[in-house]
1. Show the residue pairs meeting these rules: Cβ distance below 9 Å; 6+ apart or different chains; first residue within segment B:149-173 and outside any helix (DSSP H, G or I); second residue among the basic types (Lys, Arg) and modelled with pLDDT of 90 or more.
2. Considering only segment B:17-65, state which residues are over 22 Å from the mean Cα position of the chain (by Cα) and outside any helix (DSSP H, G or I).
3. If you take the residues in segment A:15-40 that are more than 13 Å from B:ALA36 (Cβ to Cβ), more than 8 Å from chain B (Cβ to nearest Cβ) and not polar (S, T, N, Q), which one is surrounded by the fewest Cβ atoms within 10 Å (Cβ to Cβ)?
4. Within segment B:57-74, which residues are crowded, with 21+ Cβ neighbours inside 10 Å and without any contact (Cβ under 8 Å) to a residue 24 or more places away in the chain?
5. Suppose we keep only residues that are outside any helix (DSSP H, G or I) and within 16 Å of B:ASN9 (Cβ to Cβ) within segment B:66-91. Which one would you say is farthest from the other protein chains (Cβ to nearest Cβ)?
6. With the condition kept exactly as written, say whether any residue in segment A:85-95 is modelled with pLDDT under 65, under 30 Å from B:ARG66 (Cβ atoms) and assigned to a helix (DSSP H, G or I).
7. Within segment B:48-63, which residues are touching a Phe, Trp or Tyr at 6+ places or on another chain (Cβ under 8 Å) and more than 7 Å from every other protein chain (Cβ to nearest Cβ)?
8. Identify all residues within segment B:60-83 that are closer than 13 Å to A:GLU35 by Cα and in contact with an Asp or Glu (Cβ under 8 Å, 6 or more places away or on another chain); write none if there are none.
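The values are calculated or read from the model by the stated rules, or taken from the named source; none is laboratory data. Source: prediction; values computed, not measured. Backbone-built Cβ (ideal geometry, glycine too); neighbour counts: all protein chains shown.
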Amino acid sequence: MRKPQDKEFDARLKAKMEGFTVNPPPAVWTRIEQELHGTMDSEKPAAWWRAAWLKVAAGICLLAAAGLWLYRAQRAVNEEDLVARIEKDTLVSAPEPGVTILNRSRNRSQPARESPKEPAKKSASKPDSAESPPTSTPAPVTEPAEGEQLARITQPAVRAVTAGKPDTAQALRIVPALEPVQVPVPVRPEPQQPVLALAAPPSPDEYSEMADAQGVEPQGRNALLPPELPEKIREVSGIGGAVNLAAAVVDRSRNKFLRIDKDEESGKWSGLRLDLGVITISYQKPTEKNNNERN
Amino acid sequence: MILTAILVNSSVLEKLIEGCKEGERKAQKELYELFAPKMYALCLRYADSAEDAQDVLQNGFVKMFRKIGDYRGEGSFEGWLRRIMVTTGIEHYRKGASRLPLLRIDETVSEQLSEKETVLDRIHAEELMKLIEQLSPGYRAVLNMHLIEGYSHKEIATLLGITEGTSKSQLARARHILRQLIAGREDYNYAKTTG
């Protein structure tokens, strides 16, 4: 049984203590926060490393793809060089008998040094030219005679013929010196359907000529034209565009970790930049102008 | 006016509790700042030192934030939080009880202190806290739980793992010691002013 004085003491003590407050030191909250969220904070670096490794792995994959693409592009450039040399030096033998192959690229890019009529005279005056040793001087190209059929072979077509056959290129280089430059073709009785060996899609003007020849109505000529690709699809066309698109999907930051630069004039790739955070690899393709300056 | 203030406070508190349930750091900090001073005072009464009280406060709040999903708003939030703090304080007491010496009391002196109870009105709460801190952990726990928190002897017996009789006897002794300490302080102050 509590004494009355105890009751009074207890009541006073309770009243004193109930309203009593003391501010704890700020370090207590820091420790509480650390204990509550410390585990979450420690998970952040792990997540960051996971993301970093993912980026590095993606970068390596894309780099490998880009390397393959560069290798192929370089090979294509070498083949183009080879084809250009062949075109300069020779005329390709006709795929069909009675068809003359006209070297159009030469007429466009490199005008003949002599007038078209002069080589005809020379060939007429010197019929034993075939016996003369092969020289590096390209054979002159003459305008085709009236009624002759023309076969157009563009560079890719020649490339397709010579690809994987180095002997063919060598053979083609030797052929012009041994064979006459101009082959006369007898006139065929049915000239309405000209035999055209088109290895590359013709230009709209050429389509127009074809349409004229076939008697197509002007309204229906557009149907002959190849369909135009949408601009966005054209932008990502090519491996370089695809690589840039993939890099943009993986890395949404402004400075992508992988970027393939494109030369606006030629439309070919001009440089490569790989930024892995720790190391940045950059390669700029030497331009023709730089090569000329170096030479 | 007061009723409006209470309603606003309760709605603010509800929002804070909801925020804490969602794990929002800002809500957790605000809730801590709202109750930490009261709870720290409580912890100081149970702990042997300020450092121990801070440990009890920290453990109590961490426990509260982790269990806040269990709080359904049926009773007072402060009461719920106080219970957590008291339980944490008792756990702390149990861990360190064996290494803490018991404060001996002079029964004859304590019997003569009844006349000086009015001193309690003049004593400051902080001074009273320091005197309570001088009690042994067992006495202090029973005194705090019964006199200030309002626990029954049965509840104290269950929580501390003692019998009800032990709880009652410890409370009586704790009360006597505190009176003695208050009287000693009064005598010291009297001697200081007259001497």
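1. Pairs found: B:GLU149/B:ARG82; B:GLU149/B:ARG83.
2. The answer is B:GLU22, B:GLY23, B:GLU24.
3. Within segment A:15-40, the match that is surrounded by the fewest Cβ atoms within 10 Å (Cβ to Cβ) is A:MET40.
4. Within segment B:57-74, B:GLN58, B:MET64 qualify.
5. If we filter segment B:66-91 for residues that are outside any helix (DSSP H, G or I), which is where we start, we get B:71-76.
Next, only the ones that are within 16 Å of B:ASN9 (Cβ to Cβ) stay: B:73, B:76.
On the way: B:GLY73: 22, B:SER76: 14 Å.
Filtering first and then ranking leaves B:GLY73.
6. Kept after step one, since they are modelled with pLDDT under 65, are these residues of segment A:85-95: A:89-95.
Subsequent filtering for residues that are under 30 Å from B:ARG66 (Cβ atoms) retains none.
The answer is no, given that none of the residues of segment A:85-95 is modelled with pLDDT under 65, under 30 Å from B:ARG66 (Cβ atoms) and assigned to a helix (DSSP H, G or I).
7. Within segment B:48-63, the first condition is being touching a Phe, Trp or Tyr at 6+ places or on another chain (Cβ under 8 Å), and the residues that meet it are B:53-54, B:56-57, B:61.
Hits for segment B:48-63 are B:ALA53, B:VAL56.
8. Just the residues of segment B:60-83 that are closer than 13 Å to A:GLU35 by Cα, to begin with: B:60-66.
B:VAL62, the sole residue that qualifies.
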